[in-house]
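Reviewing the structure listed below.
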Amino acid sequence: MRFPVSVICALLFAQSAPAFAALGAAAGPAPVNGAVQADSARAKASARVSSYNGYTVSETLQPSGTTVREYISPANVVFAVSWQGPDMPNLQELLGTYADQYVSAASVPHAGRRAVAIQSDQLVLHSGGHMRSFAGSAYVPSLLPQGVTPNDIR
């Protein structure tokens, strides 16, 4: 059975587990275990924070089994997000002001699987998969901290 793209986009955006911050937005106070645990309790998800050379990754395991990672710069801005798991995360919340670009790209008819790719100077996004196995990532090229490459986003 095939569903119109508008129905698929609406279903993807209807997921209820919130992200900590949207792509390109301030992450709020510097992520510390207490703050992450409070946010994850509201989302009924488990979370952990890892620091790397020049950025922080806030990883959330949602109740559905999907892992969402938010990449946070030293300036405390979410410069990238990624997801992998059996359900799509709420991309409206995760992508924030960049969500409209995703909706536009997803609504363009194309043959084959429902993979979506955006490659511009404002947003790079790859999303695809099939039922019970979704994965994707998005980043804002101008927000990548010095020394961080797209290969660091997984």
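The table below gives the values:
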{"quantity": "Residues satisfying the stated conditions in segment 115-132, i.e. free of Cβ contacts under 8 Å to residues at least 12 places away in the same chain and of a type in the set (Asp, Glu)", "calculated": "none"}
{"quantity": "Single unsatisfied condition, SER127 versus (1) polar (S, T, N, Q); (2) in a strand (DSSP E or B); (3) open to solvent by 20 Å² or more (accessible area, probe 1.4 Å)", "calculated": "(3)"}
{"quantity": "Residue in segment 68-75 that is in contact with a Cys (Cβ under 7 Å, 6 or more places away or on another chain) and not in a strand (DSSP E or B) present", "calculated": "no"}
{"quantity": "Test: residue in segment 137-154 that is at pLDDT 95 or above, open to solvent by less than 50 Å² (accessible area, probe 1.4 Å), in contact with an Asp or Glu (Cβ under 8 Å, 6 or more places away or on another chain) and under 23 Å from SER51 (Cα atoms)", "calculated": "yes"}
{"quantity": "Enumeration of residues in segment 105-121 that are polar (S, T, N, Q), exposed (fewer than 12 other Cβ atoms within 10 Å of the Cβ) and not in a strand (DSSP E or B)", "calculated": "SER120"}
{"quantity": "Subset of segment 73-99 that is open to solvent by 10 Å² or more (accessible area, probe 1.4 Å) and β-branched (Val, Ile, Thr) - its residue that is nearest to LEU123 (Cα to Cα)", "calculated": "THR97"}
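The values are calculated or read from the model by the stated rules, or taken from the named source; none is laboratory data. On a predicted model such as this, the values are computed, not experimentally measured, just so you know. For neighbour counting, all protein chains shown are included, and Cβ atoms are generated from backbone atoms with ideal geometry for every residue, glycine included. Remember, those area values only see protein heavy atoms, side chains included, never the ligands or the DNA or RNA. Shrake-Rupley method; radii C 1.70, N 1.55, O 1.52, S 1.80 Å.
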